[in-house]
Amino acid sequence: MEKLVIKGGTRLNGDVVISGAKNAAVALLPATLLVDGICTINNLPYISDVKISCKILEELGAKVTWNGNNEVTIDSRNIESSAAPIDMTSKFRASYYLIGALLGRCKSAVVGLPGGCNLGARPIDQHIKGFELLGATVEVIEGKINATAKKLVGTSIYLDKVSVGATINVMLASVLAEGTTIIENVAKEPHVVDVANFLNAMGADIRGAGTDLIKINGVKKLCGNSTYSVVPDQIEAGTFMLAAVATKGDITVKNCIPEHLDCLTAKLIEMGVNIDINNDSIRVYTNKRPNKANIITMPYPGYPTDLQPQIGVALSLAEGTSIINEGIWDSRFQYTAELNKMGANIINQGKSAVFEGVEELYGSFVEATDLRAGAALIIAGIVANGETSITNIYHIDRGYENIEEKFRKLGANIQRVVEEDIF
Ligand code: EPU
């Protein structure tokens, strides 16, 4: 088992280059199944969710060629199967995109129920509602989702809940459907727009991505033969911005789209942090404890739930008392118990937590309870006095490329250690 060992007490300083967005990449890769041709995707983050997505594409009959760590060429002309390997799909959440993509391409999909971070209930009823309205029959039997359709026909779909996954999945299923599909009350995250841009570059006709309503005019075929670059990861960028705040450091986050981070920069200014924004970079610097702040997480362009644990670390060190209300997931505060082991003073009840700011944290043995919790604990370990060990780091490897190397370049003393299992 691997763990991260951090010797803390460091102020981070320097530049960090942001990778392509995980949550875009894990949708773009299944989307290539819709392309009857060859396409190349670059700026892919080299993370385990991406590697496993590529393996699944190969199992389905696609030819996947890696051109270095961050680019793949995918030839989906000879897709042989619409049944994805259950052992692989159950390893990560975004495997649900295979349902929309395979249904669109083959009019049939068999995919294991998705795995991923345990953040509480993660229903996919809105995905299924969309597929059914398009004309599919969907059954969940013995841990598998089985979707079939004689044909898919465009229609109006109103999502009951703003959902990133349902928006993208229904979009994937309707690109090759007959006629026009209108999806209302959709998610507006940058990765939703990125998937629409990719599909349009391959010949789809999708309008309105990034607004509340997406209109898809079905086309007969997507052709490929082009190269697409994954949008920069706004959550990775935000993670390093918050690392600068918590460590009273000075970090320039490069290769990001500053507008995607407007909600975070506004909050950091409220917290007394200095921010310089350029075309594709943001400098975050401070030499004092942040001011207290209140946060409520919401769909984009609200404050993202995926940056909630990371700002939790900064607020646990802020002057005064802060409150975070989690608006998306039921169990996104598991990291607070780990932070309390490091000297934080956080009371969590349900979907709210009160952060009584403390002056310092100290090193401890903690567990990455999910992906973003793991990133938050790395930041806490870098701030803390003494040594911190973080276990269950496979969660972190699912979503951050070269995370310890990037933090080391900023001055952190962080090592990956292989530990013998005791039991
Ligand atoms: N929801 C439903 N029914 C559905 C779908 C969602 O009730 O059919 C609810 C969920 O329970 C949740 C809310 O709607 O309360 C939003 O869920 P959404 O579908 O937007 O989440 P997701 O697509 O499963 C993606 C990201 C998550 C991120 C959320 C919210 C991927 C692969 N995952 O999940 O990312 O937290 O959107 O922005 O894109 C992460 O990267 O750490 C992560 C968890």
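The values are calculated or read from the model by the stated rules, or taken from the named source; none is laboratory data. Because the structure is predicted, anything quoted here is derived from the model rather than measured. Because the Cβ atoms are built from the backbone with ideal geometry, glycine has one as well, and the counts that use them run over all protein chains shown. The protein model used for the area step is the full one, side chains on, heavy atoms only, and it has no ligands, DNA or RNA in it. Shrake-Rupley method; radii C 1.70, N 1.55, O 1.52, S 1.80 Å.
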The long-range amide H neighbours of Asn43, using H built 1.01 Å from N in the peptide plane and a cut-off of under 5 Å, are Val230
If the label point sits 7 Å along Cα→Cβ of Asn200, residues of region 1-45 with amide N under 17 Å come out as 28
At the level of C-alpha centres, the distance separating region 367-423 and region 18-35, in angstrom, is 25
Result for region 22-229: accessible area per residue, probe 1.4 angstrom, in square angstrom, of 38
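With contacts defined as alpha carbon pairs under 8 Å and 6 or more residues apart, what's the relative contact order of region 263-413 in percent? Before the final figure, lay out each step's value.
On the way: 278 pairs, mean separation 26.1, N = 151.
Result for region 263-413 is 17 percent.
Could you work out the relative contact order of region 201-311? I mean the mean sequence separation of Cα pairs under 8 Å and 6+ apart, divided by the number of residues, in percent.
On the way: 153 pairs, mean separation 24.3, N = 111.
It comes to 22 percent, rounded to a whole number.
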Restricting to aspartates and glutamates and to Cα separations under 18 Å from Lys144, and discarding same-chain partners fewer than 8 apart, the set is Glu59, Asp87, Asp125, Glu132
Note to self: C-alpha centroids of region 50-74 and region 136-151 sit apart, in Å, by 25
Once amide hydrogens are built 1.01 Å from N within the peptide plane, the residues lying 5 or more places from Ala83 or on another chain with amide H under 5 Å from its amide H are Val110
Between the Cα axis of helix 97-106 and the main Cα principal axis of the chain, the angle (0 to 90°, nearest 10) is 10
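Provide the gained length on full extension for the span Ser352 to Phe365, in nm with one decimal, where the gain is 0.36 nm per separating residue minus the Cα-Cα distance. Intermediate results must be reported in sequence, preceding the final value.
Numbers: separation 13, 0.36 × 13 = 4.68 nm, distance 2.46 nm.
Separation in residues times 0.36 nm, less the Cα-Cα distance, equals 2.2 nm.
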Full extension between Lys55 and Ile86 adds, at 0.36 nm per residue less the Cα distance, a length in nm of 9.9 nm
As straight-line cross-link partners of Lys341, the qualifying lysines (C-alpha separation under 24 Å, not fewer than 8 residues apart within one chain) are Lys3, Lys7, Lys248, Lys288, Lys292, Lys351
Expressed as a percent, the accessible surface of region 266-423 that is carbon or sulfur, using a 1.4 Å probe and the full set of protein chains, is 49
Note on the chain: contact order normalised by length, alpha-carbon pairs under 8 Å, 6 or more apart, percent, works out to 21
Inter-part gap, Cα centre of region 313-357 to Cα centre of region 280-295, in whole angstrom, is 18
With Cα coordinates, the longest principal axis of the chain makes an angle with the long axis of helix 371-383, in degrees rounded to 10, of 20
Interchain or sequence-distant (5+) residues whose placed amide H lies within less than 5 Å of the amide H of Thr321 are Gly357
For region 234-240, in residue order, the Karplus 3J(HN,Hα) values (coefficients 6.51, -1.76, 1.60; θ = phi - 60°; whole Hz; Gly and Pro = x) are 6, 6, 5, 4, x, 4, 6
Calc'd 3J(HN,Hα), region 123-135, phi into Karplus 6.51 cos²θ - 1.76 cosθ + 1.60 (θ = phi - 60°), Hz, glycine/Pro = x, comes to x, 10, 4, 6, 4, 5, 4, x, 4, 5, 5, 7, x
Carbon plus sulfur, as percent of the 1.4 Å-probe accessible area of region 160-222, comes to 47
With x for Gly and Pro, the residue-by-residue ³J(HN,Hα) of region 182-199, computed from phi through the Karplus equation 6.51 cos²θ - 1.76 cosθ + 1.60 at θ = phi - 60° and given in whole Hz, is 10, 10, 10, 6, 8, 6, 10, 4, x, 6, 5, 5, 4, 5, 4, 4, 4, 4
One checks the Cα atoms of region 22-229 and finds Rg and Dmax, in Å, of 15.1, 42
